[in-house]
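Written below as structure tokens is the structure these notes are about.
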Amino acid sequence: MARGRSITLDQWFDAGRLHALRKAVLAEAAAAGLPRDRASDVMLAVHELAANAVRHGGGSGRVRLRVAGRALHCVVSDAGRGSANGHAHAATAVAVQPWLFKPGHGLWLVRSLADDLAVAPSPVGSRVMAVFTLPGTDRGTSRPRR
């Protein structure tokens, strides 16, 4: 992928297309120049956001990746509703043996992987942007884990 291209991926998804979305995101992140481990971080973050859109945002959504400057911008949007605090509406915690699931872990994970995260929930849909710095910049070459 040439760095001058604006949109590198624009894909609709639902629960049945998450596996294809992961492959496409991984390929685009690697093509943008991210090392394998960071490309995997992008894939995992976008998957978590897409899974949230499927579960809390009406069952489907859209992912757009673009390179801007020295960063890969990953935007996941849906037509569902979010809450004012940036968390998708969810049922109470559900016990899944042996793990305890609590709403909010997906966004926590994305926050820990991305260099920047912006959440814009609204009554007519949510839009989340995760930004990953590309190699050759201060944060893109060796990013310390939080």
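The values are calculated or read from the model by the stated rules, or taken from the named source; none is laboratory data. Fair warning: this is a prediction, and the values are worked out from it, not measured in the lab. Note: ideal-geometry Cβ built from the backbone for every residue, glycine included; neighbour counts use all protein chains shown.
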Next item on the list: Could you pull out the residue among Leu49, Leu65, Leu44, Leu34 that is of a type outside the set (D, E, K, R), in contact (Cβ under 8 Å) with a residue 40 or more places away in the chain, within 20 Å of Ala118 (Cα to Cα) and not in a helix (DSSP H, G or I)?
Entry: Leu65
Notebook entry, point to check: Looking at segment 132-146, which of the residues that are buried (at least 17 other Cβ atoms within 10 Å of the Cβ) and at pLDDT 50 or above is farthest from Leu109 (Cα to Cα)?
Noted result: Leu134
Notebook entry, point to check: List pairs: first in segment 68-80 and free of Cβ contacts under 8 Å to residues at least 40 places away in the same chain, second surrounded by fewer than 18 Cβ atoms within 10 Å (Cβ to Cβ) and assigned to a strand (DSSP E or B), Cβ under 9 Å, 6+ apart or cross-chain?
Noted result: none
Notebook entry, point to check: Which one of these does Leu18 not meet: (1) out of contact with any strand residue (DSSP E or B) (no Cβ under 7 Å at 6 or more places or on another chain); (2) within 19 Å of Asp116 (Cβ to Cβ); (3) surrounded by fewer than 17 Cβ atoms within 10 Å (Cβ to Cβ)?
Noted result: (2)
Checklist line | Only listed residue being buried (at least 17 other Cβ atoms within 10 Å of the Cβ), more than 17 Å from Ala130 (Cα to Cα) and either modelled with pLDDT under 95 or over 13 Å from the mean Cα position of the chain (by Cα) (or both), chosen from His89, His56 | finding: His56
